[in-house]
1. Taking region 171-221 as the region of interest, how many residues are without any contact (Cβ under 8 Å) to a residue 12 or more places away in the chain and of a type in the set (S, T, N, Q)?
2. In this structure, does Ile31 turn out to be touching a residue at least 24 places away in the same chain (Cβ under 8 Å), touching a helix residue (DSSP H, G or I) at 6+ places or on another chain (Cβ under 7 Å), buried (at least 18 other Cβ atoms within 10 Å of the Cβ) and closer than 21 Å to Ser136 by Cβ?
3. Looking at region 95-118, can you tell me whether even one residue there is of a type in the set (D, E, K, R) and either under 30 Å from His4 (Cβ atoms) or within 16 Å of the ligand (Cβ to nearest atom) (or both)?
4. Would you check if there is a residue in region 12-34 being assigned to a strand (DSSP E or B) and within 16 Å of the ligand (Cβ to nearest atom)?
5. Of all residues in region 82-119, how many are touching a Pro at 6+ places or on another chain (Cβ under 8 Å), crowded, with 19+ Cβ neighbours inside 10 Å and within 15 Å of Glu148 (Cα to Cα)?
6. Give the number of residues within region 358-386 that are touching a Lys or Arg at 6+ places or on another chain (Cβ under 9 Å) and among the basic types (Lys, Arg).
7. From the residues in region 170-187 that are touching a Leu at 6+ places or on another chain (Cβ under 8 Å) and within 26 Å of Gly229 (Cα to Cα), which one is nearest to the ligand (Cβ to nearest atom)?
8. For residues in region 188-242 being within 15 Å of the ligand (Cβ to nearest atom) and assigned to a loop (DSSP other than H, G, I, E, B), which is surrounded by the fewest Cβ atoms within 10 Å (Cβ to Cβ)?
Amino acid sequence: MTLHPNEPLADLASDAKSQLKHFFGSEASFIAAAPGRVNLIGEHIDYCDGFVLPLAIERYIVIAAAPNGRDEVRLRSVGQPEAVIPLGEKVGLGEPKWGNYVRGVIAGFQARGHQIPGFDACFVSSVPSGGGLSSSAALECAVATLLEGLLDTTLDTKEKALLAQKAEHEFAGVPCGIMDQFASAFGKKDQLILIDCQSGEPELVPFINPDLEILVANTCVSHDLSDGGYAARRKDTEDGLAAIGKDSWRDATMADVEAAKEAMGDRVYRRSRHVVGEIERTITAAECFKNNDYADIGRLMKASHDSLRDDFNVSCPELDLMVSIAEEIGIGGGVLGSRMTGGGFGGSTVTLCRREEAREIATAMHERYLAKTNITPEIFATRPAQGAHLL
Ligand code: GAF
């Protein structure tokens, strides 16, 4: 199968409910779902006050849960060790590692004065883990949504996304920007999310053209953003901004970057060139989507990928190969544009294509990638999906 289907949310929910029954013997009182995301353009600039243009994808983490009357939380997820979180005191880091995402969100609610009731929960997921599609943000936003249900409270969506981002910073050790948690929390069917990362305001941009398809190709080469590469990039951009002497990247121009080239040194110069260029490209690309005019989109996506590969150094041979296969197919074969998406160091590419040719394009990408790498990729199509919600 070269174009993987997206498992319906109802099937994921019924799977999570059966697991809750099987492992804990209880019926679900709450079912929460939150999607992963794919970013069309605007990479590694959410922590530089830039603009980003992601969408929530039709891939979800779903949690079925029930109160357990105990002073602890018990968690099960396929292929992971059981996690138990004692609730007597302020929740901190613990083992196993995956439970820390949940701990981080619980800590966020505790910090807001909430008393967390003991509960049991089972997690199922259709967001590929390590695929650069924000499975961790989906997990955090799903847990936050579940806690809203259990506590009978509703957080403002922005507050919920920021709470989830804090969990990622403090409990997963990744100093991420706001894109992933915003996309998972604010996702809307048929809408892209243009996020102004300076003001923290999302704007919905309709994506309703029936002739277009978004293909996500997971190279199945996995990444770990907590291993230091991500934090190092973020630090480089801070050094770049300091060398320019401005308060925000939003006020910086390419001329500023060139003027500070010597003071920056080559690496920070290239990182800075990426930031200024990518902010410009994202603003232009957002206009293309708003005007339903895609003449420039291929050029913008290519320039974004090239800059991430050559200046920001977050691509890898497998991502470059997947993008070059899509580029070979080209506009004649129905590909409008393609680039790596997400944090990089492995993960996925995003390809905008004509819907009519999507299946053929996915087949060609699958076959050529497999032939060259001996790795079977996972390719799926998605429309913009609904963000975190209770079912
Ligand atoms: C990761 C981060 F979590 C995001 O905040 C963003 O910086 C992205 O990498 C790169 O655009 O997904």
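1. Residues flagged as without any contact (Cβ under 8 Å) to a residue 12 or more places away in the chain and of a type in the set (S, T, N, Q) within region 171-221 amount to 1.
2. yes
3. Within region 95-118 (the criterion being of a type in the set (D, E, K, R) and either under 30 Å from His4 (Cβ atoms) or within 16 Å of the ligand (Cβ to nearest atom) (or both)), the answer is yes, since at least one residue qualifies.
4. Checked against the condition, which is being assigned to a strand (DSSP E or B) and within 16 Å of the ligand (Cβ to nearest atom), region 12-34 yields at least one hit.
5. 1
6. 1
7. Checking each candidate, the answer is Cys176.
8. If we take residues in region 188-242 being within 15 Å of the ligand (Cβ to nearest atom) and assigned to a loop (DSSP other than H, G, I, E, B), then Gly228 is surrounded by the fewest Cβ atoms within 10 Å (Cβ to Cβ).
Each reported figure results from applying straightforward, stated rules to the coordinates on display, with no laboratory input. Quick caveat, the model's predicted, so the values are computed rather than measured. Positions of Cβ are generated from backbone atoms using ideal geometry, with glycine treated the same way; all protein chains shown enter the neighbour counts.
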